[in-house]
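One structure is given below, encoded as structure tokens.
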Amino acid sequence: MDPVTAVAAAGVALVVKGALEAAGQEAGRSGWSGGARLVERIRARFRGNTEAEDALDRVTAAPDDEEAHQNLERLLAAHMLLDSGFETEIRRLVDEAVAAQGHGGAQISAALIKNAQVFNGKVEVQGDWTTS
């Protein structure tokens, strides 16, 4: 996975995480307040592009929709490739999110696993472990 696609995938995973937290009314308990900043930055960049705005709205409205994730990831990566300043901002916001999640100990996010993101943190597995 190329670096822009990896950052786009992580960005979408964070948008999904924020949408799930908001749906569960846990946004106030989140250790990282940058989720809203990330969504608002993406929304500002997408403003005027109906397809991109709809893709973001679809993910925030239905955070479990895999097709919506893929579409938003594709559009986010395209915008990042077109604007290096935007890419830098998204990278910074994603890096801040990873750092903020890191001080509570190692955590594995299913949203990041499905996109094969690795953030080089210590991983401990307890209980039953089955692979196929």
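The values are calculated or read from the model by the stated rules, or taken from the named source; none is laboratory data. Quantities reported herein were computed from a predicted structural model and do not represent experimental measurements. Here the Cβ positions follow ideal geometry from the backbone for every residue, glycine too, while neighbour counts run over all protein chains shown.
Pairing each residue of the stretch 8-36 that is more than 13 Å from D95 (Cα to Cα) and surrounded by fewer than 19 Cβ atoms within 10 Å (Cβ to Cβ) with any residue that is at pLDDT 80 or above and of a type in the set (K, R), provided the two are 6+ apart or on different chains, yields C-beta distances under 9 Å for S30/K17.
Being at pLDDT below 85, aromatic (F, W, Y) and surrounded by fewer than 17 Cβ atoms within 10 Å (Cβ to Cβ) is a condition met by at least one residue of the stretch 113-130. The one condition from (1) under 24 Å from D2 (Cβ atoms); (2) at pLDDT 95 or above that V59 does not meet is (2). Of all residue pairs spaced 6 or more apart or on separate chains, those with beta-carbon atoms under 9 Å, a first member in the stretch 50-62 that is of a type in the set (S, T, Y) and a second member that is surrounded by fewer than 19 Cβ atoms within 10 Å (Cβ to Cβ) are T60/A22. Look at (1) modelled with pLDDT of 85 or more; (2) in a helix (DSSP H, G or I) and you find that A97 fails only one, number (1).
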